[in-house]
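Beneath this line is the structure, given in structure tokens, with notes to follow.
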Amino acid sequence: MKCRHLVSAFGIILLAACPLFAQEKPGTVAVLEFQKIKNGMLPQYEAGRKQKAAWHKQQNDPLALDVWETLSGEDTGTFIVGRIGQHWADLDKPSVSDEADLAEYQKVVGGYVDSVITRYYEFQPKISNPTDANMPAKFSEIVTFDVRYGKGTEFRSAIDRFHEAAQKTKWPVNYYWYRLASGGPGGVYVLVLPRNSWADFEEKPDVKPFRDMLKEAFGQAETDSIIDRLDESVQRETTAIVKFRGDLSYSAGK
């Protein structure tokens, strides 16, 4: 498989994931629910999500609850709801009790949801280049890589070298890497790329394309090696665009 999507995606400035919570040692765990809405129930679901956000405010919940709407790809129409930047230990002492949270969800949202899939991801800070923004970007590009069994080392070495090249050349593109920890097949990595507007999907003439950036950092031979490792280690690659729904989200302290 050729990593055409990766090359094209990195040829332009691109899901800004929600920045990690400000603390000395930021958490790396993202707990996300992928909620498929019942047919014809979108207005009711959105109204319920607004009620759920208001409920979190009434509870003085110290953690944000973010909502994204999937605009393209296999899961178009699915809403992604969850918290980012936690430690695993935080899940033992949730900011609001699981029982109360579930009861409120069932009361105002659950009746409009057809199915829910929960997934746990781990942010990879050592190979990411996050933004300085305090809020998620308006749009997000998500590239999901299903790594071939037994090829995890090759894939990880390739993206490690990519990050090294980006830092070496001061490539002005922000990106976040996540690894699926639970909730799906093994060997799944997710690349999250922020876009603040539809215009940000356009190629930027002052930003070097992905391959050119690699070549500047390491030369042609190493560039070819990195691309080959990516191609040989990835068995499937999918892309999607999501939109941050601030009107349905809860922001702590607001």
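Residues are listed down the side, and each one gets a yes or a no for (1) hydroxyl-bearing (Ser, Thr, Tyr); (2) in contact with a Pro (Cβ under 6 Å, 6 or more places away or on another chain); (3) within 15 Å of Glu237 (Cβ to Cβ):
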{"position": "Ser140", "(1), (2), (3)": "yes, no, no"}
{"position": "Phe145", "(1), (2), (3)": "no, no, yes"}
{"position": "Gly150", "(1), (2), (3)": "no, no, no"}
{"position": "Ala166", "(1), (2), (3)": "no, no, no"}
{"position": "Thr169", "(1), (2), (3)": "yes, no, no"}
{"position": "Leu180", "(1), (2), (3)": "no, no, yes"}
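Restricting to region 158-197, name every residue that is open to solvent by 40 Å² or more (accessible area, probe 1.4 Å), assigned to a helix (DSSP H, G or I) and either touching a His at 6+ places or on another chain (Cβ under 6 Å) or not charged (D, E, K, R) (or both).
The one that is open to solvent by 40 Å² or more (accessible area, probe 1.4 Å), assigned to a helix (DSSP H, G or I) and either touching a His at 6+ places or on another chain (Cβ under 6 Å) or not charged (D, E, K, R) (or both): Gln167.
Right, Glu99: outside any helix (DSSP H, G or I), open to solvent by 50 Å² or more (accessible area, probe 1.4 Å) and not basic (Lys, Arg) or not?
On the way: outside any helix (DSSP H, G or I): no; open to solvent by 50 Å² or more (accessible area, probe 1.4 Å): yes; not basic (Lys, Arg): yes.
For Glu99, the condition - outside any helix (DSSP H, G or I), open to solvent by 50 Å² or more (accessible area, probe 1.4 Å) and not basic (Lys, Arg) - is not met.
Being at pLDDT 95 or above and either surrounded by fewer than 16 Cβ atoms within 10 Å (Cβ to Cβ) or of a type in the set (D, E, K, R) (or both) is the filter here; which residues of region 127-145 pass it?
Asn129, Lys138, Glu141 - these are the residues of region 127-145 that are at pLDDT 95 or above and either surrounded by fewer than 16 Cβ atoms within 10 Å (Cβ to Cβ) or of a type in the set (D, E, K, R) (or both).
Restricting to region 198-245, give me the number of residues that are assigned to a loop (DSSP other than H, G, I, E, B) and open to solvent by 40 Å² or more (accessible area, probe 1.4 Å).
At the first step, the residues of region 198-245 found to be assigned to a loop (DSSP other than H, G, I, E, B) are 202-209, 219, 245.
Applying the additional criterion that residues be open to solvent by 40 Å² or more (accessible area, probe 1.4 Å) yields 202-206, 208-209.
The number of residues fulfilling the criteria is 7.
Which of (1) farther than 25 Å from Ile117 by Cα; (2) surrounded by fewer than 22 Cβ atoms within 10 Å (Cβ to Cβ); (3) among the aromatic types (Phe, Trp, Tyr) is the odd one out, the single condition Tyr149 does not satisfy?
(1)
The values are calculated or read from the model by the stated rules, or taken from the named source; none is laboratory data. It should be emphasised that the depicted structure is a prediction, and the values quoted were computed from it without experimental measurement. Glycine gets a Cβ as well: all are built from the backbone with ideal geometry, and neighbour counts include every protein chain shown. Accessible surface areas use protein heavy atoms only, side chains included; no ligands, DNA or RNA. Shrake-Rupley method; radii C 1.70, N 1.55, O 1.52, S 1.80 Å.
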